[in-house]
1. Pull up the DSSP beta bridges for the protein assembly as shown and report the antiparallel fraction as a percent, rounded to 5.
2. Once you have the Kirkwood Rh of the protein assembly as shown from its Cα pairs, apply Stokes-Einstein at 37 °C and 0.692 mPa s and quote D in µm²/s.
3. Determine the calculated [θ] at 222 nm for chain A from helices alone, applying -39500 (n - 2.57) to every DSSP H run no shorter than 4 residues and normalising by the residue count; nearest 500 deg cm²/dmol.
4. Got the relative contact order for the stretch C:33-177 handy, in percent, Cα pairs under 8 Å and 6 or more residues apart?
5. If I stretch the segment between A:I479 and A:F155 completely, what's the gain in nm (0.36 nm per residue apart, minus their alpha carbon distance), one decimal?
6. Whole angstrom only: what separates the Cα centroid of the stretch A:372-433 from the Cα centroid of the stretch A:87-108?
7. Return the whole-Å distance between the Cα centroid of the stretch B:60-119 and the Cα centroid of the stretch C:81-116.
8. From other protein chains only, count the Cβ atoms within 10 Å of every residue's Cβ in C:4-13, then give the mean.
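A short reminder: the numbers here are calculations on the coordinates, not readings from a lab. Keep in mind it's a predicted model, so treat the numbers as computed, not measured. Here the Cβ positions follow ideal geometry from the backbone for every residue, glycine too, while neighbour counts run over all protein chains shown.
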Amino acid sequence: MTPELGNFALILGLCMSLVLSIFPLIGSINNTPGWVALAKPAAFGQLFFVAISFAVLVAAFINNDFSVLYVAQNGNTQLPLLYKISAVWGAHEGSLLLWALILSSWTVAVALFSRALPPEIVARVLSVMGMVSIGFMSFLLFTSNPFDRVFPVPFEGGDLNPLLQDFGLAVHPPMLYMGYVGLSVAFSFAIAALIGGKLDAAWARWSRPWTMIAWVFLTIGITLGSWWAYYELGWGGWWFWDPVENASFMPWLAATALMHSLAVTEKRGAFKRWTVLLALTAFSLSLLGTFLVRSGVLTSVHSFAADPARGLFILVFLCIVIGGSLALYAWRAPNVSSGGGFDLLSRETLLLGNNLLLVVITAFILLGTLAPLIYDAMGWGKISVGFPWFTAMFVIFTPFLVIIMGIGPLARWKKQDPGDIARQLRIALLLSVAAGVVMALPLFHEGNIWAGLAVMLSVWIVSSLVLSLRQRYRYRKGIAGMLRDLGSRGSGSYYGMVIAHLGVAFFIIGVTFVTQFDVEQDIRMSPGQTAELGGHTFRFDGAKVVQGPNYRADRGTIHVFKDDKEIAVLHPEKRTYTVQTKPMTEAGIDPGFTRDIYVSLGEALGGGDWSLRLYYKPFVRWIWLGGILIAIGGLLAASDKRYRMARVSSTAPAQATPKRFATEARS
Amino acid sequence: MMKRLVIVLALCLLPVAVTVQAGVTLEAFKFETKAEEQHFKDLIEELRCLVCQNQSLADSDAELAHDLRAEVYDMIQAGKSDDEIVEFLVARYGDFVLYNPPVKPANYLIWFGPFVLLLVAGFLLLRAIRRQKRTAVTDITPEQRAKLDAVLGNTPPQQDKQQ
Amino acid sequence: MTRYLRYLVPLAVFMVLVAFLYRGLSLDPKRVPSPLVGKPMPEFSLPRLKDPAATLSNSDLMGKVSILNIWATWCVSCRAEHEVLLLLAKTGKVDIYGLNYKDERDKAQQWLAQLGDPYVANAFDADGRVGIDWGVYGAPETFITDRQGIIRHKHIGPLTVDALNNEILPLIAELQSTP
């Protein structure tokens, strides 16, 4: 299969995107059903061609076709099959093709699962997604073509960066892209609603499941990335506030705010303009992230090789998409009617408080990430904003968010009596403060104020959840009632919320405990020597050379004992890959629910001696456990029955509506 | 494009901007007390590695980072204070070597910006909530209710359960 | 009217952001300007590359406009800029001193023998300590000092003919014309 086929398929895909963007949209405005009906076939056509293009690139890697420049740069004959495939998205051009593929897939998904929606709305949504596709595909074809050839054809490829030869990191970009692209669905729904001038609770209900699924993927992608960094980079770090990490975190925060805001709009029809703006912002942040990572505007240990020419293209694309959407917002939003009113103390306000904090956090992360650029551009000199600043700010703002998290689920819509809720939460407050104080004071152990704060916040979340569950238990008349209620409308959202918020509690404990209580030691060890750390004994049994499929490594052996019983044998490695000869560490980790034992190999110091770093990391797994729980919660919420609507034909809306009201009254 | 790549190669002493610093080379610096070791660690975490620029001096594997860590270690052993060490590095590398921007008027934007933003946004939110409460439809009038009952075929209710 | 204006705020904020990003495309975030420009050059005294018994110190650079070029054999870009340095040396307008940074003596000497020696003299900075004093963070870097020994300019990265014509030579001419 010649690579030219891939290029040609991409061009055809672009043609499909053009058809998709123009005709259905105009057709929906001018009421031309024929043009509106073009949306679905165009979407399918787009996916068909992009998929072919992608398949051709995958084949080129598997077949070691080094006549293709991209394959020559990132492939290698010795690469294991899995990594030959993941090498497809290991660098700039290929990862963009993956973006395009995922975008086309989501477009088809929207086309398939929107049978309950009026066709004009679906047409508009698909058109907007088509416009985004045009941007990516033209970017690919004109500046970053993965099918460019190279002559003379090299005998061997440049190899995939050894750091990327890892399962976690193979899966991490697809997960993230699923999230970024998924946010384009909410974006497109918002644009479609602005164009049509109709922004109502129905719009919110349609957008919500798409947003949630995108958010779940983002959560998984970020969690994977953090976990990967921990076990791969060799010194136990799991988050660095690196610009590229921030580029993924900001859309996540915006999407979280959007999800909660959609709840208000869906239930009460309130704050619609704000929700629309959030929907536009979330995807805009995804696009902005793409720009930051690929333009060379910021330094990051992560970014793709920078090219300002490409950066300019993306910037123009950003102006068109984001600028256009915000201009549309400025024009149409004033006409949107306001929804139901609510009191100063109500669930609506608390959800908006959640939004406020999330947006401010997103804003300061953006500020910190761009500050070096802003200062340099204004001629104010060079500054650097690093890990300590971000962490400090984050730690200051998050507790307020958590406080709201405890109150919100218990608050009534529209109006909540302050005395009532205070009475309910009294016990939660007591428990949290007590637990926090116990943790902070050096009563049974080394007291730590941050751990105390973390415990206080987590207990607050959990006790609030228990109170909420107890309420539901009473209203559903016992456990039997609750079980019967599972699978009915609204229960998915509720239990999803419970699990996701529980995940946050785990996350807080994990992060705080590992930062406060971890112990590490740099030590020079000779074979047979032992060392003590964190209540464990480590015996170093030297390192020997081993050969891997495409690398050579020094492999150390460390026996770990607790109370004279051997609990683990760890094999940290220092690998040198045959092609890209940078040394790489593989840490030796003994994972555990309440702690990780982590060892990494430093340098050979002669005479069989090595410098080693030993770590004892308590509760570190709770960080990613929290992330997983959050993702599960999101999935549960997205599967809520109320998002699955009966098939509605646009000619008989009147007959469908009474049925829907009837079922809602029953639940 | 070529020139850029060449500069990148020179400045980041290890190849290609795509890679991450993997594998920390651990010098076994000797310290008298644990507190001293912690002091050293805290200090190098607040300094930036200038070569691979988004890492602290503690995390970076670059040659220059080695040298600077050794320099900091020597200065601590010589009894220099944190301020003196920081001043030494800033004199040679500028403010950029500080991982945290110093709190001076030029940087108020960074240090106080988030809080100002929170206050402004919070104020706007409260004002918006108050305003919408005033203009929102609260309840229907008795005449409307009578009409509604007539349409639905209800008997008029005894007591209006007020909020 | 103000009611409608507020909906333009997001767009306005975005435009400001775009302005910065656009500007950012022509900036280099890796470039760290030197705080030493305008200050007296750091004191140093190192053994010479070719003759370890002799020393090169900052007093050798005083009293005239001098160039100090930081280089090493392991540095790829230094290879690239070498021709430019030879060009500069040929003009005879300025004395070029070198700081051989964290290198190996024999390799460095061989290099110069093979590729040509634009330097009046080279200091051998084995452990890079003097480099740190000059705020070196990556080779190659080039400093221009004036008659009083004040650092007037730092060129980061390899020298190019363009840089020579637009930055270096004009500055040298200017500095040499003043007493």
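1. On the way: 64 of 75 bridges.
Given both bridge residues lie in the protein assembly as shown, the antiparallel proportion sits at roughly 85 percent.
2. Translational D for this selection: 104 µm²/s.
3. Working: 21 runs with 415 residues, N = 667.
Result for chain A, helices only: -21500 deg cm²/dmol.
4. The value is 34 percent.
5. Answer, rounded to one decimal: 109.9 nm.
6. 35
7. 34
8. Mean inter-chain Cβ contacts per residue within 10 Å come to 5.
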